[in-house]
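K.L.:
Structure incoming, see below.
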């Protein structure tokens, strides 16, 4: 039997040679051709099994796998509707009372969410009202504290002014009639302007600083009687003077003193003018005193136009009592 030399050597030679020869000789039976055939056979068998069992390849989603969306009101299938922007629930437009303009606006909330929102707003409003009431109470307490502090400042300022004025607590402004009324009373300070009229005293009051006395007594009008025959003009000037005094002395007690009788003016005219003074005092809220009930005929000097020293002492005593002092010069408790 003939063979190639290499085949012979493989058969009778080394173990490696014999192994190589066997693999070459058996390549036709156990090579790549047999493996490919087996693969094709398995694929065909698998296809037959799939067809027999009725399994479809990639069947796709069935109708039972589609998500069902229900209306939150009627619980029926929702083919078209509107979703609440707050809670996310869906509603038929008819069930949720959804208007066309609401849908076009791009935002819509269901009734439940709207009621919840309204309840939250009511709670916030109630809390805000409680806070306002608390602030009102705090404001009231602060106002009381401010009033107390202001009262303390007024007392302090008044005491300081009294010290600067040598302890004077009663200021008397007027014409020459009042020149000596403070001689026997150290608590009365007199500012006398002989021949002054009501309108002139108003200008003096604007330009001068008189401090802040407890009481301010204004005695003026005698010289106005000689200037005009119309008493209403005098009353108007006195009214303006009192208003100016209320602005000038906001914390002081104001007293309007009536006109004393004199020789060159009739009693009737003096009484009519003092009646007008009384009306001005009641209208403006100040005190009116008529000195004619304290001054006798013997208290006038020889010219019957001015009061003498005894009359000044009696008039000073009247003003002293009006200011609220007792006989010893101490302040009476009001």
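K.L.:
Of everything in the range 201-228, what is within 46 Å of the chain's Cα centre (by Cα) and under 23 Å from residue 265 (Cβ atoms)? Give them in sequence order. Can you show your working first?
P.N.:
From the range 201-228, those within 46 Å of the chain's Cα centre (by Cα) are 201-218; that's our starting set.
201, 202, 217, 218 - these are the residues of the range 201-228 that are within 46 Å of the chain's Cα centre (by Cα) and under 23 Å from residue 265 (Cβ atoms).
K.L.:
Still on this structure: Residue 60: at pLDDT below 70, in a loop (DSSP other than H, G, I, E, B) and at positive phi, yes or no? Spell out how you get there, then give the answer.
P.N.:
On the way: at pLDDT below 70: yes; in a loop (DSSP other than H, G, I, E, B): yes; at positive phi: yes.
When the stated conditions are applied, residue 60 passes them.
K.L.:
Which members of the range 254-276 meet the condition of being under 45 Å from the mean Cα position of the chain (by Cα) and free of Cβ contacts under 8 Å to residues at least 60 places away in the same chain? Write out each step before concluding.
P.N.:
So in the range 254-276, the residues under 45 Å from the mean Cα position of the chain (by Cα) come out as 254-256.
Across the range 254-276, the qualifying residues are 254, 256.
K.L.:
Taking the conditions exactly as written (over 22 Å from the mean Cα position of the chain (by Cα) and either surrounded by 11 or more Cβ atoms within 10 Å (Cβ to Cβ) or in a helix (DSSP H, G or I) (or both)), does residue 88 satisfy them or not?
P.N.:
Details: over 22 Å from the mean Cα position of the chain (by Cα): yes; either surrounded by 11 or more Cβ atoms within 10 Å (Cβ to Cβ) or in a helix (DSSP H, G or I) (or both): no.
Here the answer is no, as residue 88 does not meet what is asked.
K.L.:
Hey, another quick one. For the range 306-320, check the following and say yes or no: at least one residue is closer than 18 Å to residue 192 by Cα, in contact with a strand residue (DSSP E or B) (Cβ under 7 Å, 6 or more places away or on another chain) and free of Cβ contacts under 8 Å to residues at least 12 places away in the same chain.
P.N.:
Yes: one or more hits.
K.L.:
Would you mention how many residues in the range 283-313 are under 52 Å from the mean Cα position of the chain (by Cα) and not in a helix (DSSP H, G or I)?
P.N.:
Number satisfying all stated conditions: 6.
The values are calculated or read from the model by the stated rules, or taken from the named source; none is laboratory data. Note that the coordinates shown come from a computational prediction; the quantities given were computed from them, not determined experimentally. No Cβ is skipped: glycine too gets one built from the backbone with ideal geometry, and neighbour counts run over all protein chains shown.
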